[in-house]
Amino acid sequence: MTPITRREFVKGVALTPLGLTSVGTMAQQTAQASGDRFDIVVAGAGHNSLVTAAYLAKAGYKVLVLEGRPVVGGGAETTSATMVGFKDDLCSTGHTGIQNNPMLNELKLRDYGLEYLFPDPFFHMPFADGSSFTMWRNLDRTAAEFGKFSKKDEAAFRRIYAEYQTIGPALEANQFLPVGWGKPMNELMAGIPRLGLWQRRMAMSAWDNICDNYEDEHNRNFLVTLALLGPLTDPIYPGTGMSAFGTAALLKWGRPCAKGGAGQLTQALARFIEAHNGVIEVNKPVTRLIIENGKCTGVECADGSTFHADKAVLSTIHIKQLVNMAPRELWGQGFMDGVDTWKEEQGSIFAGNYALKEAPQYGGPHSAPAVMISPNPTRVLLNGYDIGVGNANFDEPPMLAECLTVIDPSRAPAGMHTLKLMSCQPYSLKEGPEHWDKIKKQVADAQLKYLRRFAPNLTDDKILGEFIQTPLDIERMNPAFWHGSVHAGAGGASQSGAMRPVPGWAQYRMPIHGLYQTGACTYPGGSISGAPGRNAAMVMLKDFGTSIEQVVDKTESKKT
Ligand SMILES: Cc1cc2nc3c(=O)[nH]c(=O)nc-3n(C[C@H](O)[C@H](O)[C@H](O)COP(=O)(O)OP(=O)(O)OC[C@H]3O[C@@H](n4cnc5c(N)ncnc54)[C@H](O)[C@@H]3O)c2cc1C
């Protein structure tokens, strides 16, 4: 075997985009050589903006996508960061939220190389006393896991799962529709049994709901760790209540992962766009919006190149940065108030990617690609407190360890494995975010040390390469992860629904005529759901005199 060198904590390394070079290079030549005019210019190539671009390209518009980084995909990208031959997801891996998106079928992304794997079991949690909890895509098997520790908890899980079948569809009904396009919530909720109880639960904290319904410490540990590591918010906060019931919602899909890496989603979208006459350029950070007669008519990039859009500009640039790309007075006071008061997420992510000679072995009869570890619920609540006050977590931090090669060997050379190890950490340390550069190695070592308590086989000689990202590195990598917010900004009542991104501007149209916005800043928010992307396409296509239904039907689609 060819010897492979180990990469020490690499900062700003030139990553190898997997399978993307051809897309980027070809596209660059096409745009520059032809001097094309474009109907739509898209600033940023995260999965959401690529989804919007794909629908617009399918509708017959000439689309140009400009990505600031050397690779498209944003939080859905796969690179060889640890070592040549390993496919590392530097951001997302679990793509549960996108599974209900009609986009996957409407754009037939399978034809463009996207295949999802549905691991079962999908979550596992080993405990210090040698017992463990495993989550399956099966009600009885998962209920039995709760029952191992408490029959009362098993009954509680079955009861909550049954109740969730009535309220869940109502809560999820409008996710794939722009705000105001679907049935009003009170209409969707009408007739739901014990509605008042669920309204109360939503307003409560996740931890209170867990304690109200479950008694055993192991079960509570599993549930509260999930409630922290999913939304990256202190589970003791009022309004986090639904995070306590994540297990009921998760059973349907589990934690699906794209075969070959998360980047396969955005690669498939890029292929779709190019197959529909679109052009994609990488290494093109957009720095300025071009405004003519009050209308946004194009963008300027850091290298001085300009691109004109005959019809519209679509941005997925973070709103905090976007407002600096045009004269402030054009945004209007109301919009600026909303941007000025936009808050980052409470918690960010500290992530270590590793290239391994063997998979972590946790003991016990089962395991899963996604493994959570945490000493006890109190430790999770302390982590919640620490992200609020700016303390880094070194001591047994609750973590998610993902080893996808156990179900997808294509992600590593034969017999080898990938690992992504993540904890929830504050971006704004008490000493300031720059302090992350000083404590990076210390935190990475602390994470590995704690993981080894459960997977002692992961000795140093089993680790071939590593790539570590602090919350500050995550922002440096992708400016849309503003202040380490991997969902672009906090959720919660003040930045959700009609208030995302800004009250009065939840319709993907921006105050400057001709400018639209999608991505995690917009409704319904972050994660890999593609919902902001498809919703933005619905609004833009409507404004252009057609509809997403006509475009999907294609025979009806027409360019206006
Ligand atoms: C470590 C980590 C783990 C995660 N795990 C999961 C997970 O398992 N499941 C999940 O659902 N979510 C996960 N997330 C969150 C998820 O990745 C994001 O919420 C999601 O990627 C947001 O998608 P988006 O399309 O809105 O934008 P992004 O993915 O943020 O993409 C925005 C794109 O725009 C580009 N851009 C920004 N500004 C400019 C500019 N001025 N000019 C040109 N280009 C620009 C960026 O470079 C980027 O490519 C994770 C995130 C991280 C960091």
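Only protein heavy atoms count here; on that basis, with a 1.4 Å probe, R453 has an accessible area of about 150 Å². Phi-derived couplings, Karplus 6.51 cos²θ - 1.76 cosθ + 1.60 at θ = phi - 60°, listed residue by residue for region 477-494: 5, 9, x, 6, 8, 4, 6, x, 7, 6, 10, 6, x, 4, x, x, 4, 7 Hz, with x used for Gly and Pro. When S428, S529 are compared by accessible area at a 1.4 angstrom probe, the order from most to least is S428, S529.
A 1.4 Å probe over all protein chains sorts K183, K259, K62 by accessible area into K183, K259, K62, starting with the largest. Shape call for region 280-330 from the C-alpha gyration tensor, a ≥ b ≥ c root eigenvalues: rounded (a/c under 1.5), prolate (a/b greater than b/c) or oblate? Note, shape of region 280-330 comes out oblate.
What number in nm² do you get for region 138-248 if you take the convex hull of its Cα atoms and divide its surface by four? Walk me through the numbers on the way to the answer.
Details: hull surface 29.0 nm².
For region 138-248, the mean projected area of the Cα convex hull comes to 7.2 nm².
Karplus-derived 3J(HN,Hα) values for region 80-90, using 6.51 cos²θ - 1.76 cosθ + 1.60 with θ = phi - 60°, are 8, 8, 7, 5, 4, x, 9, 9, 9, 7, 7 Hz; glycine and proline are entered as x.
What is the local net charge at N213, summed over the other residues whose Cβ is closer than 15 Å to its Cβ (Lys, Arg +1; Asp, Glu -1)?
Details: positive: K151, K152, R158, R159, R194, R200, R201, R220; negative: D153, E154, E163, D208, D212, E215, D216, E217.
Once all neighbours under 15 Å are counted, the net charge is 0.
Remark: the chain projects, on average over all directions, an area of 24.8 nm² (convex hull of Cα atoms).
Please compute the net charge surrounding L458, taking Lys and Arg as +1 and Asp and Glu as -1 over other residues with Cβ under 11 Å from its Cβ.
Numbers: positive: K357, K449, R452, R453, K462; negative: E358, D460, D461.
Taking every Cβ under 11 Å from that of L458, the sum is +2.
Which of the pairs K320/K420; K148/K252; K151/K420 have their Cα atoms more than 26 Å apart in this structure?
From the list (K320/K420; K148/K252; K151/K420), the Cα-Cα distance tops 26 Å for K320/K420; K151/K420.
Highest mean first, the peptides 389-395, 506-512 sorted by other C-beta atoms within 10 Å per residue fall in the order 506-512, 389-395. Just the protein heavy atoms count here, and of the accessible area of the chain at 1.4 Å, carbon and sulfur take up 53 percent.
Could you work out the local net charge near Y523, counting Lys and Arg as +1, Asp and Glu as -1, over the other residues with Cβ closer than 13 Å to its Cβ?
Details: positive: R500, R509, R534; negative: none.
Here the charged neighbours net out to +3.
Ordered by 1.4 Å accessible area with all protein chains kept, W436, W482, W181 run largest first as W181, W482, W436.
Summarising the amide proton neighbourhood of G465: residues at separation of 5 or more, or on other chains, whose placed amide H is nearer than 5 Å comprise A355.
In the context of the full protein assembly, H513 retains an accessible surface of approximately 120 Å², using a probe radius of 1.4 Å and ignoring ligands and nucleic acids.
Rounded to the nearest 10 square angstrom, E344 shows an accessible area of 50 square angstrom against a 1.4 Å probe.
Accessible surface area normalised per residue over region 138-248 is 44 Å², counting heavy atoms of protein chains with a 1.4 Å rolling probe. Mean sequence separation of contacting Cα pairs (under 8 Å, at least six apart), scaled by the length of the chain, corresponds to a relative contact order of 23 percent. Each residue of region 415-424 is assigned a 3J(HN,Hα), and the resulting list reads x, 9, 9, 10, 9, 10, 10, 10, 10, 9 Hz, derived from the Karplus form 6.51 cos²θ - 1.76 cosθ + 1.60 (θ = phi - 60°), x at Gly and Pro.
Helix-only arithmetic for the chain: the sum of -39500 (n - 2.57) across DSSP H runs with n ≥ 4, divided by the residue total, places the mean residue ellipticity at 222 nm at -10000 deg cm²/dmol.
The values are calculated or read from the model by the stated rules, or taken from the named source; none is laboratory data. Here the structure is a predicted model, which means the values were calculated and not measured. Neighbour counts run over all protein chains shown; Cβ positions are idealised from the backbone, glycine included. In case anyone asks, the SASA skips ligands and DNA or RNA and just uses the protein heavy atoms, side chains included. Shrake-Rupley method; radii C 1.70, N 1.55, O 1.52, S 1.80 Å.
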